[in-house]
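Down below is the structure, laid out as structure tokens.
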Amino acid sequence: MSLFSRIQDYVENSKKIRNSFNNPLKKIENLHKKDKLEKEFYDIEAQKYLENFDQELFLYQPDEEMPASHHFFYSQLNDIRNKRILDIGCGYGFTSVVLAKRGAIVTSIDVSPKMIELTRHNAQFNDVVDKIEATVMSAQALKFRDDTFDYVVGLGILHHLNLDLAGKEISRVLKPGGKALFIEPRIPFKFLIFVRSVFPNKCFESPGGSQLTDRDMDRFFSWFSYRQIEYFMFLKKFTRFNCVKKNDKKLEEIDSKIIKKLPWMKKFYWAFVVQVIK
């Protein structure tokens, strides 16, 4: 690759990172364009797995080791047998399969037809095809009746959505007293986006994605009667560097101790699990 090409790639990558803060595609007037770009992006991603389905990767394992944020998320979804759950932005279908294995009746939606195909393949592979109904749909315009679901869940989906529209729709389809849970990335301070953009590390965010701020989430919370937030990933953020990656679990333990002893430190954490009740 020529020097000019390297510089061009660096500039484009830096621009993409900066655009991930307050992404203009998430404005109401740009939603059609955003969904189109997201569909194209995730269709390409899903096709790789459809062409080469990794059985070891997709095999459901009840004792699978997972990050602390995911462990907490799933711990809130233990007693869900025969509960109706909407999995928005279902992607690869991992969450849908876990919930179906726990006895839930799952409806899985995504804007990407290929991701829906992959979710169906995942459900069939794990023998829960009768528990999962997967369909192409935007979480910003849900085609379900009011008060339909006991739970709405999503892993890394809210930061792709217009939170005013998504909050309204999620609240509408939840039953009274129903709960929604999400794991999401968070940006502690705006200037960190600029700092991140200086480094050449490749940005893997999709066209419609962006880091969430606490102010962003306040708009979402306005549609619900109750909220609870658990913060994750402070020192663990440094596992992006290979020299500290092997200390992943230890850093998670330290992060947990820090926020318990010093709650004000939550402002420095890079991810959260959000729970809301209608």
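The values are calculated or read from the model by the stated rules, or taken from the named source; none is laboratory data. A quick note: this is a predicted structure, and the numbers were derived from the prediction, not measured. When we count neighbours, we look across all protein chains shown, and the Cβ atoms used for this are built from the backbone with ideal geometry, even at glycine.
Does ALA180 satisfy being at pLDDT 95 or above and within 27 Å of LEU50 (Cα to Cα)? So that I can check it myself, show each step before the final result.
Working: at pLDDT 95 or above: yes; within 27 Å of LEU50 (Cα to Cα): no.
Criteria not met by ALA180.
Test of understanding: among ASP150, ASP146, ASP130, which residue is over 20 Å from VAL276 (Cα atoms) and not aliphatic (A, V, I, L, M)? The unique qualifying residue is ASP130. All conditions but one from (1) surrounded by 11 or more Cβ atoms within 10 Å (Cβ to Cβ); (2) at pLDDT 90 or above apply to GLN8; the one that does not is (2).
Taken over segment 50-77, the residue count meeting the criterion of being assigned to a loop (DSSP other than H, G, I, E, B) and touching a strand residue (DSSP E or B) at 6+ places or on another chain (Cβ under 8 Å) is 3.
Every residue, every condition in (1) in contact (Cβ under 8 Å) with a residue 24 or more places away in the chain; (2) within 16 Å of the chain's Cα centre (by Cα), yes or no:
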residue	(1), (2)
ARG81	no, no
GLY93	yes, yes
VAL98	yes, yes
LYS101	yes, no
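Suppose we keep only residues that are among the polar types (S, T, N, Q) and free of Cβ contacts under 8 Å to residues at least 40 places away in the same chain within segment 108-154. Which one would you say is farthest from ILE28 (Cα to Cα)? Only one residue tops the list, namely GLN124. Could you list all residues from segment 23-69 that are more than 25 Å from GLU117 (Cβ to Cβ) and crowded, with 16+ Cβ neighbours inside 10 Å? Selection gives ASN23, LYS26, PRO67, ALA68, SER69.
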